[in-house]
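The values are calculated or read from the model by the stated rules, or taken from the named source; none is laboratory data. All values reported here derive from a predicted model rather than from experimental measurement. Cβ atoms come from the backbone with ideal geometry, glycine included; neighbour counts cover every protein chain shown.
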Amino acid sequence: MFQRVAQISLLALLSVNAFAANDDLDDLRSSKIAQDEWRLIKQDRAHDIQAYDKRDYGKSLRAFKVEYDVETNLDDIARVYFDFDNYRKWFYQVQEAKLLKKVSATEFYYYIVHRAPPTLPDRDAIIHGIIQPYTTKRGYALLTLKSIPSYLPPKPPFVRMIAEDMTVKWTPMGGGKIHGVAEGYIDPGGVAPSWAINYIQSRAPYQTALGLQRVLKLMAGEERKEKPFFSLTE
């Protein structure tokens, strides 16, 4: 068993190192792409997912955006997104997540732990969330998430993330379909090479959207009477 684990770890490390080299080459190849412009990095037509990245002016780390379509409703999205204890079942490389405080029906704080690439310490973050519920006039529901590193004391051996900031927008499209757009920026804090951070940001949004679609598909057709802990509708 130990030998098998060691082999898997070695393969993971080699794949990460290979990405680092490819990432540097990609940056050179894309040097003609203007900064502050989204670049398509993943097109999954089978699952209706598109992932993008960009280099913002004055920043060495890339921002991310992922767009996806899913047959569901806002209540089921809320049931998944606000069930923090089960994030590890669908959210990319999440080891633990839990609600810390419910401020109101549209505001909360939660704690999350992410597994880091091989050789790097795992990261944790405290996230402040604000919900703008769907209304007919607005036409969408919006979730704004922002890291608050000082909300809790550090919890070694985890490294506290400086930023895990994003917005997630869900727009009903009719016919039982929702269009989702998640856009944000991550700074893991501590000592981490930019290629490792960009490695995660190039994969995490896509894998998370795919995981969300999978969970929502399993929920489809199930009759649910319980309300979501937080709602995306008024």
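Looking across TYR199, TYR140, one residue alone is closer than 17 Å to GLN93 by Cα and of a type outside the set (A, V, I, L, M). It is TYR199. Is it true that some residue in region 72-89 is at pLDDT 95 or above, among the small types (Gly, Ala, Ser), within 30 Å of GLU226 (Cβ to Cβ) and crowded, with 19+ Cβ neighbours inside 10 Å? Checking region 72-89: at least one residue is at pLDDT 95 or above, among the small types (Gly, Ala, Ser), within 30 Å of GLU226 (Cβ to Cβ) and crowded, with 19+ Cβ neighbours inside 10 Å.
Return yes or no: is LEU232 under 18 Å from VAL70 (Cβ atoms), over 16 Å from the mean Cα position of the chain (by Cα) and surrounded by 19 or more Cβ atoms within 10 Å (Cβ to Cβ)? Judged against the criteria, LEU232 is a match.
Hand me the list of strands (runs of 3 or more DSSP E) wholly inside region 127-193 holding 1 or more residues that are of a type in the set (Ser, Thr, Tyr) and over 16 Å from the mean Cα position of the chain (by Cα).
Details: elements: 141-147, 163-174, 177-187.
Output list reads 163-174.
Taking the condition more than 23 Å from ASP36 (Cβ to Cβ) and either touching a residue at least 60 places away in the same chain (Cβ under 8 Å) or crowded, with 19+ Cβ neighbours inside 10 Å (or both), does PRO149 pass? Give the derivation first.
Details: more than 23 Å from ASP36 (Cβ to Cβ): yes; either touching a residue at least 60 places away in the same chain (Cβ under 8 Å) or crowded, with 19+ Cβ neighbours inside 10 Å (or both): no.
Considered against the rule, which asks whether it is more than 23 Å from ASP36 (Cβ to Cβ) and either touching a residue at least 60 places away in the same chain (Cβ under 8 Å) or crowded, with 19+ Cβ neighbours inside 10 Å (or both), PRO149 comes out as no.
Scan region 191-213 and tell me whether some residue there is touching an Asp or Glu at 6+ places or on another chain (Cβ under 8 Å), touching a residue at least 24 places away in the same chain (Cβ under 8 Å) and over 22 Å from LEU40 (Cβ atoms). No; the residues of region 191-213 include none that is touching an Asp or Glu at 6+ places or on another chain (Cβ under 8 Å), touching a residue at least 24 places away in the same chain (Cβ under 8 Å) and over 22 Å from LEU40 (Cβ atoms). Scanning region 69-109 for residues that are under 16 Å from the mean Cα position of the chain (by Cα) and within 16 Å of LEU232 (Cβ to Cβ) yields a total of 7.
Just for region 177-202: of the residues that are charged (D, E, K, R) and under 30 Å from GLU71 (Cα atoms), which one is surrounded by the most Cβ atoms within 10 Å (Cβ to Cβ)?
At the first step, the residues of region 177-202 found to be charged (D, E, K, R) are 177, 183, 187.
Checking which are under 30 Å from GLU71 (Cα atoms) leaves us with 177, 183.
Details: LYS177: 14, GLU183: 18.
Among those residues, the one meeting the criterion is GLU183.
Among the numbered conditions (1) touching a residue at least 60 places away in the same chain (Cβ under 8 Å); (2) on the phi > 0 side of the Ramachandran plot, the only one that GLY174 does not meet is (1). The residues of region 162-176 that are of a type in the set (D, E, K, R) and farther than 12 Å from TYR68 by Cβ, listed by number, are GLU164, ASP165.
Tell me the residue from TYR134, TYR81, TYR111, TYR87 that is touching a residue at least 24 places away in the same chain (Cβ under 8 Å), under 24 Å from TRP38 (Cβ atoms) and not small (Gly, Ala, Ser), please. Outline the logic, then answer.
Numbers: TYR134 fails: under 24 Å from TRP38 (Cβ atoms); TYR111 fails: under 24 Å from TRP38 (Cβ atoms); TYR87 fails: under 24 Å from TRP38 (Cβ atoms).
When all the criteria are applied, what remains is TYR81.
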